[in-house]
1. Would you check which residues across the range 402-449 are among the hydroxyl-bearing types (Ser, Thr, Tyr) and modelled with pLDDT of 90 or more and list them?
2. What's the number of the condition residue 228 fails, among (1) touching a Phe, Trp or Tyr at 6+ places or on another chain (Cβ under 9 Å); (2) without any contact (Cβ under 8 Å) to a residue 60 or more places away in the chain?
3. Could you tell me which numbered condition residue 228 fails, if it satisfies all but one of (1) modelled with pLDDT under 85; (2) crowded, with 18+ Cβ neighbours inside 10 Å; (3) closer than 19 Å to residue 59 by Cα?
4. Please specify each residue of the range 115-165 satisfying the condition of being under 18 Å from residue 34 (Cα atoms) and of a type in the set (Phe, Trp, Tyr).
5. Among the listed residues 403, 409, which satisfies the condition of being of a type in the set (Val, Ile, Thr), more than 23 Å from residue 228 (Cβ to Cβ) and buried (at least 20 other Cβ atoms within 10 Å of the Cβ)?
6. Please pick out the residue among 339, 370 that is touching a helix residue (DSSP H, G or I) at 6+ places or on another chain (Cβ under 9 Å), assigned to a helix (DSSP H, G or I) and under 22 Å from residue 140 (Cα atoms).
7. Does the range 370-378 include one or more residues that are surrounded by fewer than 24 Cβ atoms within 10 Å (Cβ to Cβ) and of a type in the set (S, T, N, Q)?
8. Can you pull out the residues in the range 147-190 that are of a type in the set (D, E, K, R) and at pLDDT below 85?
Amino acid sequence: MSSPTQAPPESQHRWLVLATVALAQLMVVLDATIVNIALPSAQAELGFSDNDRQWVVTAYALAFGSLLLLGGRLSDMFGRRRMFLIGLVGFAVASALGGAAQTFELLVGARALQGVFAAVLAPAALSVLTTTFTNPKERARAFGVFGAIAGMGGAIGLLLGGYLTENFDWRWNLYVNVVIALIAFVAGTVLLSRVDTKHDTQIDVPGVLLVSTGLFALVLGFSQAEPQGWDSPAVWGSLAASLVLLVGFVLRQRTAEHPLLPLSIVRDRDRGAGFLSILVAGTGMFGVFLFLTYYLQLTLGYGPMQTGTAFLPMVLFIVITAQVQTNILVPRFGPKVVVPAGMVVGALAMLWFTTLEVDSSYRLVLVGLVGMGIAMGSIMPASFQIATLGVPPRQAGAASAMVSTSQQVGGAIGTAVLNTLAATAATAYVADHAPATPEVIAAGAVHSFSVAYTWSAGIFLLGAVVAASLFRTRRDRDARLADAARATRDEAPALAH
């Protein structure tokens with residue numbers, strides 16, 4: 001085993017490792033949106049109802065969100081390289097099954113299986129990055145790339161989904177994952193170190209059951225809010241059950257000999273602020289994808305490919321901003337300034353979207369998309385980096401899993417809450433402007449989107465206040481990192497045995 005001062009073997013090819021990990025992360029993130037554009041075609045071929053359609057999306061989110069902490073623990077137990085490769089193979093197989101599905105039930109089952117292996121893959125990918133890049137400047141650059149991909153994956157999913165649906169077949173929205181996973185698997189097999197450090201192989205089974213069922217109930221409850229209403233037992237019953245189960249999980253982790261999520265990871269102010277910032281960004285990001293997609297397709301009449309292309313400026317500004325922030329602004333001002341500033345820009349972009357009307361031009365949409373690109377490029381890379389900074393190698397998987405959990409839960413909450421608010425606003429608008437002519441219905445839809453954007457702006461502003469309050473000053477952080485470095489040096493001799 002390498003000495004504490006020796007670079008791990010994979011760091012010799014660390015930029016190729018970054019490319020491999022980033023490709024896997026892109027596949028996982030874009031799969032949350034790529035299937036959305038294919039749904040009408042899949043529904044026409046397989047013959048499932050409008051009410052059932054949501055399960056094609058929800059099945060992935062449920063399995064992914066509820067199993068992430070277990071996936072992170074497995075990465076710590078059995079090695080990051082092994083779990084990364086297993087996750088890629090499983091995701092490819094599940095995608096192939098979904099692409100070949102001849103029934104609605106098989107399609108939903110394949111999407112759930114994709115979620116299971118995404119929960120294995122995502123923490124392993126981030127923990128590989130966390131342990132490969134130890135030089136502060138290189139680490140910042142790597143997390144800038146990784147965070148940008150997390151921020152723009154949904155938009156790329158819409159673009160790729162539109163292209164594949166229009167030029168090939170809806171099934172290629174699933175088959176494309178097989179190609180991506182194969183490339184990442186070959187690269188991972190060659191590049192990732194075979195000296196894969198494993199830690200204790202015991203698992204906290206009660207903790208796994210509590211957090212998995214708790215997160216499942218949380219995502220399920222929010223996902224059912226729009227179709228069934230907040231007063232439905234399926235909604236409030238699931239949310240109440242999730243609260244009880246997650247509180248039970250926290251209590252269990254305080255006493256467990258081998259905790260699934262060591263509470264020291266989330267008790268740290270910087271990491272806690274990072275997790276909350278990712279959750280807020282996930283809420284706003286999925287909200288803008290959902291409602292702006294509706295607006296472009298239903299109100300402005302864009303096709304799937306045209307809709308995906310419309311999001312490209314946002315992708316471009318995420319990439320540019322992420323590099324500027326991680327290389328220039330974060331080292332100078334720290335996340336305590338950069339992340340809240342990004343939240344404020346996100347709020348302003350959302351408020352800009354409220355000015356869109358039935359006959360607005362794309363130029364107005366473009367201004368908001370540029371603002372969202374700057375916001376995501378400011379929030380995500382810095383939050384990803386700080387959320388895993390100073391974590392001991394034996395806990396890298398758990399910390400990485402919390403990052404992905406924050407993004408998934410944020411997306412689930414944002415989609416459900418904002419969708420419900422929008423649906424209620426649309427119904428009220430049409431009722432107040434009877435009779436329900438096509439013009440009134442179109443105006444009601446745009447009004448409902450504005451309501452969702454306004455609430456999303458409020459979420460971003462609240463996130464800015466929380467982030468500015470929680471993130472440490474640079475002096476405090478330097479002292480903490482010095483303590484963590486000493487702890488890692490003390491731990492290394494024990495790991496060698």
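The values are calculated or read from the model by the stated rules, or taken from the named source; none is laboratory data. Keep in mind it's a predicted model, so treat the numbers as computed, not measured. With ideal geometry, Cβ positions are generated from the backbone for all residues, glycine too; neighbour counts draw on all protein chains shown.
1. Residues of the range 402-449 among the hydroxyl-bearing types (Ser, Thr, Tyr): 404-406, 415, 420, 424, 427, 429, 437, 448.
Of everything in the range 402-449, those that are among the hydroxyl-bearing types (Ser, Thr, Tyr) and modelled with pLDDT of 90 or more turn out to be 429, 448.
2. (1)
3. (2)
4. Residues satisfying the conditions are 117, 163.
5. Numbers: 409 fails: more than 23 Å from residue 228 (Cβ to Cβ).
Only one candidate qualifies: 403.
6. Working: 370 fails: under 22 Å from residue 140 (Cα atoms).
Within the list 339, 370, the selection yields 339.
7. No - not one qualifying residue is present in the range 370-378.
8. If we filter the range 147-190 for residues that are of a type in the set (D, E, K, R), which is where we start, we get 166, 169, 171.
Result: 166, single match.
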